[in-house]
Amino acid sequence: MLNSGLFAQPAINARTLTSLFLALALVPACRHRTRESAKDAGTSKFIPIAAERIEAVNNGTKQPVYQGPVGAIEGTVTISGDAPPDMLPFLDKIPSDCDVAKQTYGKLFREGPGRTAPDVLVAVTGYKGYMKPTADAIEFEARNCAWSKKTIAVTFGQRIDVKSKDSRPYIPQLLGGPPGALLVAVPGGESVPVFPQEPGHYVLIDSMRLYSKADVFVVRYPTFDVTGENGRYRIEGIPVGSVTVSALLPSTSGTASRQVTIAANATASVDLTITFSASSFRPSTARAAASNSN
């Protein structure tokens, strides 16, 4: 079981956070085993989490809500080193009319122009004060037999709204959370809500297409972003002072981090590079995050 305390927003140095990111990528997701979840395992993931519980989990030390000056960080994450190897088992399962899925899952990780890195979780930690997310949900799209990203991040208490953006239905299933009934995101229909029940690392699959997977990180703070196809990220609303910016590419467990000083009403530019070595990469390690999906 993954220690959910790792998902707090502590003041930690870069080396500690890098090790923390590795732990998130390598250890299977924590399962919620309280009497309440066992009693209502089939429906709890469709029910919003009570505000009192969100507050207790995300702000266990009862810090005041931060109301001071804030700044932002933006930048580009790139890949250095070896090219991503082919994922032949996935390619064999992808239908010929699902070109986007082949591009998304056909290699260990995706690359954009100039070796930019999509699907990288970038997080800012080390500041003082309690921060809340500005939205109740994030929208996560499915199109052409694939998820829009291979990495998702939410603050505990936020839901994931899964929506079909083409003519196909999709059935999201969060592995590592309570089992139970599944909802279908139908073409032209409403989004399907998914509520992670604990902070931790999960895997979101499409039950109709088991090759379609996304790493889900549920953390206790809102200062994060996931890079797009151009490798860009932007994180706003960061308290001023010294912070740590860290990046994780879940499929390789590759990380990078830097210390940065946030100034009021200013945007710091922070580019990060994650190195991949095919000779030292162990496929069994990368599969650990999704070990429950087979």
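The values are calculated or read from the model by the stated rules, or taken from the named source; none is laboratory data. Predicted model, so just to flag it, every value in this text is computed and none were measured. Positions of Cβ are backbone-derived with ideal geometry, glycine not excepted, and every protein chain shown enters the neighbour counts.
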*Among the residues of segment 146-171 satisfying the criterion of being within 14 Å of ILE205 (Cβ to Cβ) and among the hydrophobic types (A, V, I, L, M, F, W, C), which is surrounded by the fewest Cβ atoms within 10 Å (Cβ to Cβ)?*
ILE171
_Single residue of segment 84-97 satisfying the filter (more than 22 Å from VAL226 (Cβ to Cβ) and among the hydrophobic types (A, V, I, L, M, F, W, C)) that is modelled with the highest pLDDT_ = ILE94
*Name the pairs: first residue in segment 79-98 and closer than 14 Å to PHE276 by Cα, second residue in a loop (DSSP other than H, G, I, E, B) and of a type in the set (Lys, Arg), Cβ to Cβ under 8 Å, at least 6 apart or on different chains?*
PRO84/ARG110
*Identify, by number, the condition in (1) farther than 17 Å from GLY81 by Cα; (2) modelled with pLDDT under 95 that PHE281 doesn't meet.*
(1)
*May I ask you to list the residues in segment 85-129 that are among the charged types (D, E, K, R) and in a helix (DSSP H, G or I)?*
ASP99, LYS102, ARG115
*Could you please tell me which pairs satisfy a Cβ distance under 6 Å, a separation of 6+ or placement on different chains, a first residue in segment 222-237 that is at pLDDT below 95, and a second residue that is not in a strand (DSSP E or B)?*
GLU229/GLY112; GLU229/PRO118
*Which condition number in (1) aliphatic (A, V, I, L, M); (2) touching a Phe, Trp or Tyr at 6+ places or on another chain (Cβ under 6 Å); (3) assigned to a loop (DSSP other than H, G, I, E, B) is the one that ALA153 fails?*
(3)
_With the structure loaded, tell me whether GLY200 is surrounded by fewer than 22 Cβ atoms within 10 Å (Cβ to Cβ) and on the phi > 0 side of the Ramachandran plot or whether it fails that test._
no
_Consider segment 240-274. How many of its residues are under 11 Å from ALA117 (Cβ atoms), of a type in the set (Ser, Thr, Tyr) and assigned to a strand (DSSP E or B)?_
1
*For segment 54-86, name all the residues that are crowded, with 16+ Cβ neighbours inside 10 Å, within 19 Å of GLY237 (Cα to Cα) and not small (Gly, Ala, Ser).*
ASN58, ASN59, TYR66, VAL70, ILE73, GLU74, THR76
*When you go through ILE152, ILE160, ILE94 one by one, which is the residue that is within 21 Å of TYR211 (Cα to Cα), in contact with a helix residue (DSSP H, G or I) (Cβ under 7 Å, 6 or more places away or on another chain) and among the hydrophobic types (A, V, I, L, M, F, W, C)?*
ILE94
*asked:* Just to check your reading of the model, which residue among VAL243, VAL186 is among the aliphatic types (A, V, I, L, M) and buried (at least 20 other Cβ atoms within 10 Å of the Cβ)?
replied: VAL243
*asked:* Where the second residue is among the basic types (Lys, Arg) and crowded, with 16+ Cβ neighbours inside 10 Å and the first is assigned to a loop (DSSP other than H, G, I, E, B) and lies in segment 167-184, which pairs have Cβ atoms under 7 Å and are six or more apart or on separate chains?
replied: GLY176/ARG31; GLY177/LYS45; PRO178/LYS45; GLY180/LYS45
